[in-house]
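Only one structure is covered here, and it is reproduced in the block below.
Read-outs: derived from the displayed coordinates by stated rules, not from any lab. Keep in mind that this is a model prediction, so the values were computed, not measured. Quick reminder, even Gly has a Cβ in these numbers, built from the backbone with ideal geometry, and neighbours come from all protein chains shown.
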Amino acid sequence: DQQVKQNSPSLSVQEGRISILNCDYTNSMFDYFLWYKKYPAEGPTFLISISSIKDKNEDGRFTVFLNKSAKHLSLHIVPSQPGDSAVYFCAARGLRGNEKLTFGTGTRLTIIP
Amino acid sequence: DTEVTQTPKHLVMGMTNKKSLKCEQHMGHRAMYWYKQKAKKPPELMFVYSYEKLSINESVPSRFSPECPNSSLLNLHLHALQPEDSALYLCASSHSDRLENIQYFGAGTRLSVL
């Protein structure tokens, strides 16, 4: 049972435009959400996170939006740059210091110059 | 410095071999993790160590044996593996096991079992 889903396996975006990556989850006990970026032959790199008490968190070109009622989060990258081409994973954690991160299946983002 | 170092980067082993994967961090993190990632799949948690004690074992077969000799080191001992255990093994660490702590990942060890 995939509790964190990224329904788009791939996404292509023109350089300079906005990239929007989506993630849905089913477990209402998830309380903290993260986005990681992964290049080939490297480990996942943390990008940005959001707690369930917020609906938006922004860090430079990256903004994460959380819609708790819809159990949906999205990552916006604007403007998109060629170096943003990578696989993006969303991940979720539960309450009370549960250390387990549950990852989505990933979306491969390609930025077209 | 947010570096987690894993060695070796690649490992090929037979089903009767015994090998170990190593992970090291010098960020003062007190929680360390092993994940397994198969091709085109998300990372899946195997083990969590918190303050050098095993706190989570996700029902991993006993042919995988974790060890945390000190707060900076995490090992994964491998014995009698099966070909289906071939995967990318990722180590991560975080400041503690609290909810808001970010996990930082190493580059992984790509394991092939023949």
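If I take R0 = 30 Å and measure r between the Cβ atoms of B:R110 and A:S69 in this structure, what FRET efficiency does the formula 1/(1 + (r/R0)^6) give, to the nearest 0.05?
0.15
Using label points projected 7 Å from each Cα along Cα→Cβ, tell me how many nm separate B:S72 and A:L11, to one decimal.
With each label point 7 Å from Cα toward Cβ, the separation is 4.0 nm.
Hey, got the average number of other protein chain Cβ atoms within 10 angstrom for residues in B:36-42?
4
Just counting partner chain Cβ atoms within 10 Å, what average do the residues of peptide A:35-44 show around their Cβ?
5
Take the cross-link list A:K71/B:K19; A:K100/B:K18; A:K38/B:K22 and give me the ones stretching past 31 Å between alpha-carbons.
Over 31 Å Cα-Cα: A:K71/B:K19.
Top mean-square fluctuation among A:G94, A:G83, A:G60, Gaussian network model of chain A, C-alpha springs under 10 Å?
A:G60
Which Cys residues of chain B have no other Cys beta carbon under 4.7 Å away?
Cysteines of chain B left without a disulfide-compatible partner: B:C68.
Distance between Cα centroids, region A:1-50 to region A:54-76: provide it in whole Å.
Using only Cα atoms, the two centres lie 11 Å from each other.
Between B:S65 and A:M29, what is the spin-label point distance in nm, taking each point 7 Å from the Cα along the Cα→C-beta axis?
Each label point lies 7 Å from its Cα, and together they span 3.1 nm.
What is the mean number of Cβ atoms from other protein chains located within 10 Å of the Cβ atom of each residue in peptide B:70-83, rounded to a whole number?
Mean number of neighbouring Cβ atoms from other chains: 0.
Measure off 7 Å from each Cα along the Cα-to-Cβ vector at B:N57 and B:H26, then give the distance between these two points in nanometres to one decimal.
3.2
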